[in-house]
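Visitor: Before we start, here is the structure in question, set down as structure tokens.
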Amino acid sequence: MTKCVYLLTLAILAASPAAGGQTPQTAPAQTPPAQAASQPSAPPLENPSTTVQRDVSYGMVSGHPLLLDIYEPGEHSSGLLPAVILIHGGGWISFDKSTMQTMGMFLARSGFVAFSVDYRLFHEKENRWPAQLDDVQRAVRWVRANAAKYSVDPQHIGAFGHSAGAQLAALLGMEDTRDNSDPALAKYSSKVQAVVDVSGPTDFTAHDDPDAIGFLTAFFGGDYAQHAKVWQDASPAFHTAKDVAPFLIIHGTQDESVPLAQAQELADKLKQAGAAVKFVTVEDVHTFRTPEARRRLAFETREFFTQYLRPGSGR
């Protein structure tokens, strides 16, 4: 495989978060993949008003807060609402929750409560895998613990992720809590009921590019020969089963950062396992640059989450 996660990282580092968000020092000012992929071109909305809470703490790690932003419908009928966890991309080393602002607003206007989360970013030897998975799993459990406060139905929570965030979102729909050491959250599940995977890597064991292998060796704390289980555990393609959450996989046919074959592999394995999966391809690149692709993403995402997260969906 000539294109790889390392190239994904380089592509993402050539971009920056959405206007109005904080810009990482390592990133020049362009449109980031996460923002491009989450920016629909103004489809019709059920509810034009939203409320936003920024920088809400959902945990602490080594004295540093883990933060999320909350997008809520401004007006809604009494009762509980479905929720969606939004996970930004950035090659596990860059960007933040602000790049999911447009999707957060869109989902809130469509009747969902959206939680855009930060997670620990990998830097040299700090925050190696699975720190990122631990953080997003904590975020799901925090939402369930605080469901009543935000009028959330704790049994109807989905995850949306782009690029590196899609890998994390996929695992939220497949795996139970890895680190359940916090007694305050111990009784809450981190598994979501529906997943939207946009441009996500799915099988780290398939790479043969030396640069990709070098990055992943550092990220996973060892090479594949010595740490095969870690590489496999981080790969959604190794966790397919009939009882995983329903999946919507959306991928660009011109994606040169994460090959379409990665999405196809996950879709095929989910189908073979008997899981519910819908696989959508768009004629676009990793960053979903065209208005047509972004609009398709918005509508497909809303339709999918409505199907599986609305009360009475059976999930």
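The values are calculated or read from the model by the stated rules, or taken from the named source; none is laboratory data. Keep in mind the model is a prediction, meaning the values are calculated, not measured. As a convention, Cβ positions derive from the backbone with ideal geometry for all residues, glycine included, and neighbour counts pool all protein chains shown.
Visitor: Of the residues that make up segment 279-294, is at least one over 29 Å from ALA83 (Cβ atoms), touching a strand residue (DSSP E or B) at 6+ places or on another chain (Cβ under 6 Å) and modelled with pLDDT of 95 or more?
Guide: Yes - at least one qualifying residue is present in segment 279-294.
Visitor: Listed residues ILE93, ILE85; which is part of a loop (DSSP other than H, G, I, E, B), β-branched (Val, Ile, Thr) and under 17 Å from the mean Cα position of the chain (by Cα)?
Guide: Only one candidate passes the filter, namely ILE93.
Visitor: How many residues are without any contact (Cβ under 8 Å) to a residue 12 or more places away in the chain and more than 25 Å from GLY214 (Cα to Cα) if we restrict to segment 121-153?
Guide: Quick first cut of segment 121-153, residues without any contact (Cβ under 8 Å) to a residue 12 or more places away in the chain only: 126-127, 146, 148-149.
The next check asks that each one be more than 25 Å from GLY214 (Cα to Cα); those that pass are 146, 148-149.
So the count comes out to 3.
Visitor: Select, from LEU168, LEU185, the only residue that is surrounded by fewer than 24 Cβ atoms within 10 Å (Cβ to Cβ) and either in contact (Cβ under 8 Å) with a residue 24 or more places away in the chain or assigned to a helix (DSSP H, G or I) (or both).
Guide: LEU185
Visitor: Quickly run through segment 140-165 and pick out the residues that are assigned to a helix (DSSP H, G or I) and more than 12 Å from ALA114 (Cα to Cα).
Guide: Scanning segment 140-165 gives ARG141, TRP142, ARG144, ALA145, ALA148, LYS149, ALA164, GLY165.
Residue-wise test of (1) more than 19 Å from the chain's Cα centre (by Cα); (2) at pLDDT below 95; (3) not β-branched (Val, Ile, Thr).
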residue	(1), (2), (3)
GLN193	no, no, yes
ASP197	no, no, yes
ASP203	no, no, yes
HIS207	yes, yes, yes
PHE215	yes, no, yes
TYR224	yes, no, yes
ALA234	no, no, yes
